[in-house]
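Below is one structure, written out as structure tokens; comments come after it.
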Amino acid sequence: MFGQLIVSGLAVGACYALLALAMVIIYKTSEVLNFAQGEMAMVSTFVAFTILDAYHVPFLWAASLTFLFAILLGIFFEIVFLRQAKDPTVLGLIIITLGFEMILMGFAGWKWGPDQRSFPFPVSNVETYDIGGLLISKINFWTIVISVVLMFILFLFFRYTKLGIAMRATQQNPLAARVMGIRTKWILSFTWAISSIVGAAAGMLIAALGVLDPPMMMDPLLKGFASGVLGGMTSLPGTAVGGAILGIIENLFGGYISLAFKSVVAFAIIVLVLCIKPSGLLAKHYVKKV
Amino acid sequence: MATDGILKVKNIETLYGLIMAIRGVSLEVQEGQIVCILGANGAGKTTILKTIMGLLEDQPDKGTIEFMGKRIDGKDAEEIVHLGISYVPEGREVFPELSVEENLKMGAYTRKDPKGVKEDYNRVISHFPILAERKSQWAGTLSGGEQQMLAIGRALMARPKLLMLDEPSLGLSPILVHEIFRIIKTINGEGTTILLVEQNAKMALKISDYGFVLENGRIVAANTPKILLEDEDVKEFYLGIRSEESVKGYQRWKRKKRWR
Amino acid sequence: MIKRVSVFLCVAILSTFLLSTQSSAQKVRGVTDTEILIGQWGPQTGPAAPWGAVARGTDLLVKIINEEGGIHGRKFKYFLRDDSYQPAKTKAIAKEFVEQIGVFAVVGGVGVACGMTARDYLMENKVPWCGPVTGVYEWITPIQKYLFAIYPLYDDEAFNLTGYLHEKLGYKKIAMFYQNDDYGKQGVMGVERYLLKKKISLVAKVSAEVTDRDLSTHALKLKNSGAEAVIMWTMPTHAALILAETAKIGFKPQWATSNTLSDSALMMQITKGLWAGMINSFFGELPDSNHPLMVKYREWHKKLAPQERWGVFYYAGIIFAEPFFEGVRRAGRNLTPETWISAMETLKNWQGIGPPISYSKPNHPMDRQGGKHVFYGKVKPDGNIQRLTDWMQITK
């Protein structure tokens, strides 16, 4: 039972981590908590569903088109909503994301209806692999693999590409970035695009693990947020680890202590982390000397 | 003064909201020179540099800026960097959570000639050997002097024709100030024109070829360092040398500046 | 002088008020010579939106009756309001129904918590309410003169379903998977009541929060209990999740569930076929039934609302409204809340497409509990239902 709990905790934690990464990417750039993240992912997932359902194209094609849609959605939101804010405060921008979340929720309800659907994922959610006596379902296995690969790509992107470094530079010092000739507004749109892609990937995995319906991201988004807080909201590896830890803690708590309070663990963790170590587990955040 | 200056600023007026920070400033920088702008806090020195750099939206409100014969007022920072102006902002403004190497890489953001970038990287390292030692350290963990060196090095990575420095001596120990100014002189010697904004008038005038004095958004004096250093007002207000000592020490309040 | 004038004005104003209330009291709220106004709330958006189909199903029945010429020369005007399953909104909607629209009655209404915020208000204002769309005790205790419940009680349903599994099918190790709220808990109550009677206990009792999306731990607990049969009392989403999770770890008990999950077409789709084999209770005819009323409704559905899926939740909207219209029919042309109530109390084993309905004068809570029957079916691999029993009385 212990092994099973760890494995399924890792799988769900990987999804939390992806969502958390999507949030953290935005948070690092603009200190905005994007509450529309979940719904952006949900709408992207519905787009994938529609493509798969209507045109029966191979899954990878549908996923690529969905990522393209996610990019457009992210840029659209940044340019059409956030950039228009006059004298924006962080709080004001957060409220705009809340508004966008409601618009998307309403849109999804209108366009695709409230019924649950099963998401046609190429990996069975019932069959299992037997790894040394430990049963791991194919979907859990692939969820973990895909998440880890995505995180690794993100890590490489931010660490080694000129654009990735420029994004980090813009996050840390927008004025200096402009002085370097970096188009910071463009970078901001691009940040939203990347975040939206990561969210869409999380959305498709979460729909594949469960079912697809408009409110499907409510719970995962909160858990993702908790993972982000656990990781300090600024460190990408911290966030990834935070997601995994949260998934595992949740499952162990549910398995050995109390199922009824399993969902509360995430919130307890948010409160605990904020009280004890607000910078998160792995963050070595540089505090600007004034 | 010759008329083929690399940078020509004519009658610019810059607004911060409703406040006019620059009130009709004209200045010219000759190629290959070091030119300094002196002035007290709030005189508008930084605003001039930011206006030139295109960092203030819709500014200058009036006037023109020409760089190498091209109008650059109204262009955005990205283009201006590309044309060959680099700016070292006041207070260093390094990227604190990027490594020293990454900071330098960002300096060459607009460039597409990897070979040239590599050359410039080596040149920067030769000026500031300490940066090579600290290459993979976060810039935020460097000392103030090292950060200043990094900021200058980063600006050089764009291979600028004109390097604008905003208060490079701010917050540094006298020894480091000397070191920085020595390097500025060396950089200039390698062919980079320099526009320097300073409160430390003595040091600035020592290395400059020409100087402007700015007060309340206006140029009040412009001349060679030699002449400026002899100027009574510059002496008293910027170099801290008083011509007559008063017993009670309130003389500086009584004396009027002639240029007003 | 001024004093006298002001007294006169006060009297004049007051008497106007009195007169106006008196004259309106002679009319019946929501009933005119040609029209009867009725209302219903139901989630059209938000997590519970699939259940909102009920409210649209009622709309179909209203249209059918109007197409057929109305009842006693009056046609119906139906007001559907979206409360997103949020009780605060439901309360506002109830106020709108009474104070602004002025409805004669409320029909249906999804949600226990939602309905509870409106119940006392509607009762104080003497608004007849027929068929809240949940089977809980709250509608009949304390007994309400104006409130007629239809939905079979979850408690009795669970009690009876457990009995069916234990006595007819011989399962001894039974586990329960339920949603941690009023709906799920009344299911647990019935299951435990039955097992207590037989002096056996549940081998596992596993609950999920409404917002939970990861049920892997829940599945492991169920598996480790070694249960032969698991009764589930949850939302469709959780039903799908738990079936997938248990299948992953190779746990395949006999599942059984409440009629709230009897939309087999939907359930087959979202569980990718894992729903097959489920023992389900039903409180209405099956979707493809050839019951004459079902045939008739299906034809109207094709004509009037072809965009709607003919699912169980959708035509449940008809089930909860049928007895209301029967009451209006029996009350005659002189329709008031009182005449309607007397007419409803004459229903004895009256049946539309739902369970047989009976009401009596309100002496005992069960006199206001109309539906007391369900039947059982087993989901076939193709998603159709094999009917296992006839209507069985579950509430005495």
So, with points 7 Å from each Cα along the Cβ direction, the B:N41-B:S143 label distance in nm works out to 2.5 nm
Flagged as over-length at 25 Å C-alpha distance, from C:K145/C:K372; A:K185/B:K115; C:K272/C:K296; B:K45/B:K70, the pairs are A:K185/B:K115; C:K272/C:K296
Regression test value, accessible area per residue of region A:2-217, probe 1.4 Å, units Å², expected 39 Å²
Here FRET efficiency (C-beta to C-beta, C:K252 to A:V148, R₀ 30 Å, nearest 0.05) is 0.45
Given C:304-310, A:235-241, the highest-first ranking by average Cβ count within 10 Å works out to A:235-241, C:304-310
Computed about the Cα centre, the charge dipole of region A:2-217 from +1 Lys/Arg and -1 Asp/Glu charges at the Cβ has a magnitude in debye, to the nearest 20, of 880 debye
For A:20-28, C:115-123, ranked highest to lowest by mean beta-carbon neighbours within 10 Å, the order is A:20-28, C:115-123
For C:G371, the residues 5 or more places away or on another chain with a placed amide H closer than 5 Å to its own amide H are C:I150, C:Y151
Under the Karplus relation with 6.51, -1.76 and 1.60 and θ = phi - 60°, whole-Hz ³J(HN,Hα) for region C:174-182, x at Gly and Pro, equal 10, 10, 10, 10, 9, 8, 7, 7, 4
Output field shielding_mean for B:96-104 (other chain Cβ, 10 Å radius) holds 5
From the cross-link list C:K361/C:K396; C:K168/C:K198; C:K95/C:K126; C:K172/C:K197; B:K202/B:K226; A:K138/C:K205, the entries with a Cα-Cα span beyond 19 Å are A:K138/C:K205
Per the helix-only model, chain A has a calculated mean residue ellipticity at 222 nm (DSSP H runs of ≥4, -39500 (n - 2.57) each, divided over all residues, rounded to the nearest 500) of -24000 deg cm²/dmol
With -39,500 (n - 2.57) per DSSP H segment of 4 or more residues and division by the full residue count of chain C, the 222 nm estimate, nearest 500 deg cm²/dmol, is -12000 deg cm²/dmol
Calc'd 3J(HN,Hα), region A:3-16, phi into Karplus 6.51 cos²θ - 1.76 cosθ + 1.60 (θ = phi - 60°), Hz, glycine/Pro = x, comes to x, 4, 4, 5, 5, 6, x, 5, 5, 6, x, 5, 5, 4
Filtered hits (aspartates and glutamates, Cα-Cα < 17 Å from C:K223, offset >= 8 within chain) -> A:E127, C:D214, C:E245
Expressed in nanometres to one decimal, the distance between label points 7 Å along Cα→Cβ at C:N125 and C:T211 is 3.2 nm
For B:K135 and A:L68, extending 7 Å from Cα along the Cα-Cβ vector and measuring point to point gives, in nm, a value of 4.2 nm
Sorted on mean Cβ neighbours within 10 Å (highest first), peptides A:247-258, B:107-118 come out as A:247-258, B:107-118
Expressed as a percent, the accessible surface of region A:2-217 that is carbon or sulfur, using a 1.4 Å probe and the full set of protein chains, is 72 percent
For region B:197-208, in residue order, the Karplus 3J(HN,Hα) values (coefficients 6.51, -1.76, 1.60; θ = phi - 60°; whole Hz; Gly and Pro = x) are 10, 8, 9, 7, 5, 4, 4, 5, 5, 4, 9, 7
Which residues qualify? For C:Y178, with a placed amide H closer than 5 Å and at least 5 residues away or on another chain, they are C:V206, C:S207, C:A208, C:W233
Dividing the mean separation of Cα pairs under 8 Å (6+ apart) by the residue count of chain C yields a relative contact order in percent of 16 percent
Output field shielding_mean for A:4-16 (other chain Cβ, 10 Å radius) holds 3
For A:K111, the aspartates and glutamates lying under 16 Å Cα to Cα, once residues fewer than eight places off in the same chain are dropped, come out as A:E39, A:D53, A:E101, A:D213, C:E308
Under 5 Å from the placed amide H of C:W255, counting only residues 5+ away or on other chains, we find C:V230, C:I279
If the chain between C:T346 and C:D390 were fully extended at 0.36 nm per residue, the gain over the current Cα-Cα distance would be 13.4 nm
Here the residues of region A:227-253 lying in the modelled label zone of A:V90, meaning backbone nitrogen under 15 Å from a point 7 Å along Cα-to-Cβ, are A:229, A:232-235
Of all DSSP beta bridges having both residues in the protein assembly as shown, the percent classed as antiparallel (nearest 5) is 45 percent
Here the residues of region C:216-233 whose accessible area is at least 10 Å² smaller with all protein chains than in the chain alone (probe 1.4 Å) are C:S216, C:T217, C:H218, C:L220, C:K221, C:N224
Computed from the beta carbon distance with a Förster radius of 22 Å, FRET efficiency for A:F261 and A:D130 to the nearest 0.05 stands at 0.10
Output field shielding_mean for C:265-272 (other chain Cβ, 10 Å radius) holds 4
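The values are calculated or read from the model by the stated rules, or taken from the named source; none is laboratory data. Here the structure is a predicted model, which means the values were calculated and not measured. Quick reminder, even Gly has a Cβ in these numbers, built from the backbone with ideal geometry, and neighbours come from all protein chains shown. Just the protein is used for accessible areas: all its heavy atoms, side chains included, with ligands, DNA and RNA removed. Shrake-Rupley method; radii C 1.70, N 1.55, O 1.52, S 1.80 Å.
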